[in-house]
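Report on the structure given below.
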Amino acid sequence: MKGVFLLIIITEAAASRIQEMKEAEESKGELYLRVGVKGGGCSGLTYGMGFDSEVKEEDTTFEQNGINVVVDQESSKILEGVVIDFKQSMMGGGFTIENPNAIANCGCGTSFRTAENAGTPEEC
């Protein structure tokens, strides 16, 4: 599904921080931001984000705010409409993910579930 636009919004603040992190990586090839979902966490699903140099045939790829993004086929249904932001405070900074598909979130903010996918809940 290469070239299909998946509606994930990466804010300018998040894109700037991702670009800084990407430049700190010592990779000789192209790096993509891989965003995905896996089972786990107290609500059943958790987000994953990291750099990847490989794109699989079934992956969806698109560009958002200068960042080349890759999403696996199963995660794409759950991530549609997600907003990834980076917030800085006096206590430090971190990425936030707002998912309109989530019907429940855990207290720690890293786990969620959707109406169609409850995932595999674990202890936090």
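Taking the condition touching a Phe, Trp or Tyr at 6+ places or on another chain (Cβ under 8 Å), open to solvent by less than 30 Å² (accessible area, probe 1.4 Å) and at pLDDT 85 or above, does Gly81 pass? Reasoning before the result, please.
Working: touching a Phe, Trp or Tyr at 6+ places or on another chain (Cβ under 8 Å): no; open to solvent by less than 30 Å² (accessible area, probe 1.4 Å): yes; at pLDDT 85 or above: yes.
When the stated conditions are applied, Gly81 does not pass them.
State all residues of the stretch 62-78 that are open to solvent by 60 Å² or more (accessible area, probe 1.4 Å), charged (D, E, K, R) and under 17 Å from Ile9 (Cα atoms); if no residue qualifies, say none. Quick ask: steps written out before the conclusion?
Taking the stretch 62-78 first, the residues open to solvent by 60 Å² or more (accessible area, probe 1.4 Å) are 63, 65, 73-74, 77.
Now narrow it down to the ones that are charged (D, E, K, R): 63, 74, 77.
Matches in the stretch 62-78: Glu63, Lys77.
Please go through (1) touching a Lys or Arg at 6+ places or on another chain (Cβ under 8 Å); (2) in contact (Cβ under 8 Å) with a residue 12 or more places away in the chain for Gly36 and return the number of the only condition it doesn't satisfy.
So the condition that Gly36 fails would be (1).
So in the stretch 12-61, with the set limited to residues that are among the aromatic types (Phe, Trp, Tyr) and either at pLDDT 90 or above or in a helix (DSSP H, G or I) (or both), which one is surrounded by the most Cβ atoms within 10 Å (Cβ to Cβ)?
So the first thing to find is which residues in the stretch 12-61 are among the aromatic types (Phe, Trp, Tyr), and the list is 32, 47, 51.
If we keep only those that are either at pLDDT 90 or above or in a helix (DSSP H, G or I) (or both) too, we end up with 32, 51.
Working: Tyr32: 21, Phe51: 15.
So the residue we want is Tyr32.
Would you mention how many residues in the stretch 1-11 are at pLDDT 90 or above and exposed (fewer than 15 other Cβ atoms within 10 Å of the Cβ)?
Going through the stretch 1-11 one residue at a time, the tally reaches 1.
The values are calculated or read from the model by the stated rules, or taken from the named source; none is laboratory data. These figures come from a predicted structure and were not determined experimentally. Quick reminder, even Gly has a Cβ in these numbers, built from the backbone with ideal geometry, and neighbours come from all protein chains shown. Accessible surface is based on the protein model in full, side chains and every heavy atom, while ligands, DNA and RNA are left aside. Shrake-Rupley method; radii C 1.70, N 1.55, O 1.52, S 1.80 Å.
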